[in-house]
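The values are calculated or read from the model by the stated rules, or taken from the named source; none is laboratory data. Since the structure is predicted, the reported quantities are computational estimates derived from the model, not experimental observations. Glycine gets a Cβ as well: all are built from the backbone with ideal geometry, and neighbour counts include every protein chain shown. Quick note on the areas: whole protein, heavy atoms, side chains included, nothing else; ligands and nucleic acids left out. Shrake-Rupley method; radii C 1.70, N 1.55, O 1.52, S 1.80 Å.
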Amino acid sequence: LIFSARMRLRPFSLADNKKVAFATKILHLLDLDEFADMLVGDEASGEGLPKHARKRLTVGVELAANPSILFADEPTSGLDSLSAAMVVSSLKKAAKTQGLTVVCTIHQPSREVFLTFDNLLLLKKGGTCVYNGSIPSLNDYLSAAGDNYAVKKEVNIADHALDVFCGPLGVGMDWVELYQKSRMCKRIVNTVSCEAGEISVDATPQSFSSELFLVLQRQIVAHWRTTTYMALRFWWTIIANVIVGLVFFQSGTEGKVTETVGALFFFINIATVPLLSAMVPLITERSVFYRETLSGTYTGIVYGAAVQLAEIPFNLGFGLVSFAIFYFMVGLSMEAERIIYFILMTLASYWILPTFGQLLAFISPNIGAAVGAGSLLMTLFTLTMGFLLIPKDIPPWYIWLYWTNPLRYMLQGLLVSEVGGKDPVTDALLADNFSWSYDDRWWYCYVVTLFFGAAAFLSTMLATRISWMKR
């Protein structure tokens, strides 16, 4: 609610404490105080808010923009009678206290829910009006057409109206013609003015920087609260690096080039897991993104940029943890320049791979497709990164994968920085078999950074161009 008020409540220059106070007022108005500190959660897994509270929260998100009219499309669908009554009661309270008009379509309402509304607009099949007046006057209108159409005691007036106007009880009566000749219709026609007028709307958009700051803040908080996603990355980073460190323990101090290459190969593959895990949160929250961009809360570019930036602090942390465990357990070089290079390349790796995962999330229709595409991509990258197959053994018809493979440049950079520039024999081996050179180590780092920039740019652009929303 606070996020919606900050993003949508006009004027945008309104002090933040007033926006927070307005959101708090909406919270009280909708009787959501008991859920104020609860996570919304995933409805499919039964986490978080109950369904009726989610419905009221959805209403509150719109009320936080302080509209003059609110359209609600079947807000009680999927709810039991008690929950439906709570939702409609909240709408009624909002209409009375906020002075707004609520236009609501309703599906099979109970008697209590139906009588909560003030007026009824009933359309027959084909979109023609058969009643447009107050609900208390409905029985008098039906009685005037004939006693057999009057509402019986203990009958749900909503069901009775449908049976009369659109069902078997009203067969033989032209309700459209009856309405058009009624005083109710004439009064409405005389009341409604068809004269053209001007509508004044403040179309001043919120600044890009303000939108980006608020969406970024929410994304960081969402990551922090998504314990499953963060726990997976955290424990995978620690356990996988410890295992690889134990297998190749102190192999770097003994000058074993083959073991060092193997250790670096597995180190890079450890960093590929975030590629797959980064896709799940994005696809899960996709419906929220669609709803908020369509309502004008923020733009797709702002969301795409915020998704990229929100990963930075977590990627920094995981990259440094990975470095600290792996580097010293394997016993790699203690020269300052080589340590700094390893840290920079590690951080770049931990940035670029989740970014590729986010890119796949934007272009995939669902989690299954995204995970499948990500797994296939990682398989191809692993095969052509220069370890399982050296460059000269890769068939010419897919050598292009080797040149466009970010994992290859990561392995190149880390390997030549660690074992290159020390022994002419090792340098010659790298040059003959891989065409890798210690002198090009910084160029490899630049290429990895360019891959990150390209993937981040494409992800941001695709966030505005591709929609998998189904109605």
Restricting the first residue to the stretch 243-271 and requiring it to be in contact (Cβ under 8 Å) with a residue 12 or more places away in the chain and farther than 20 Å from Val321 by Cα, which pairs with a second residue that is open to solvent by 10 Å² or more (accessible area, probe 1.4 Å) and hydrophobic (A, V, I, L, M, F, W, C) meet a Cβ separation below 6 Å and a spacing of at least six or different chains? Val257/Val419
Residue under question is Lys55, and the condition is that it be assigned to a helix (DSSP H, G or I) and open to solvent by 40 Å² or more (accessible area, probe 1.4 Å); does it hold? yes
Which one of these does Gly167 not meet: (1) modelled with pLDDT under 90; (2) surrounded by 14 or more Cβ atoms within 10 Å (Cβ to Cβ)? (2)
Suppose we filter Asp37, Asp31, Asp73 for residues that are closer than 30 Å to Phe114 by Cβ, open to solvent by 70 Å² or more (accessible area, probe 1.4 Å) and within 24 Å of the chain's Cα centre (by Cα); which single one remains? Asp73
From the set of residues in the stretch 266-302 that are polar (S, T, N, Q) and farther than 21 Å from Arg408 by Cα, which is surrounded by the most Cβ atoms within 10 Å (Cβ to Cβ)? Thr297
Flag for Leu49 being in contact with a Leu (Cβ under 8 Å, 6 or more places away or on another chain) and outside any loop (DSSP other than H, G, I, E, B): no
So which of Ala361, Ala305, Ala310 ends up being at negative phi, surrounded by 23 or more Cβ atoms within 10 Å (Cβ to Cβ) and touching a Leu at 6+ places or on another chain (Cβ under 7 Å)? Ala361
Test result for Tyr229, open to solvent by less than 30 Å² (accessible area, probe 1.4 Å), at pLDDT below 80 and within 45 Å of the chain's Cα centre (by Cα): yes
Restricting attention to the stretch 358-369, does a residue exist that is out of contact with any strand residue (DSSP E or B) (no Cβ under 9 Å at 6 or more places or on another chain) and within 22 Å of Phe248 (Cβ to Cβ)? no
Apart from one, (1) out of contact with any Ser or Thr (no Cβ under 7 Å at 6 or more places or on another chain); (2) open to solvent by less than 40 Å² (accessible area, probe 1.4 Å); (3) farther than 23 Å from Met279 by Cα; (4) among the hydroxyl-bearing types (Ser, Thr, Tyr) all hold for Tyr402; the odd one out is (1)
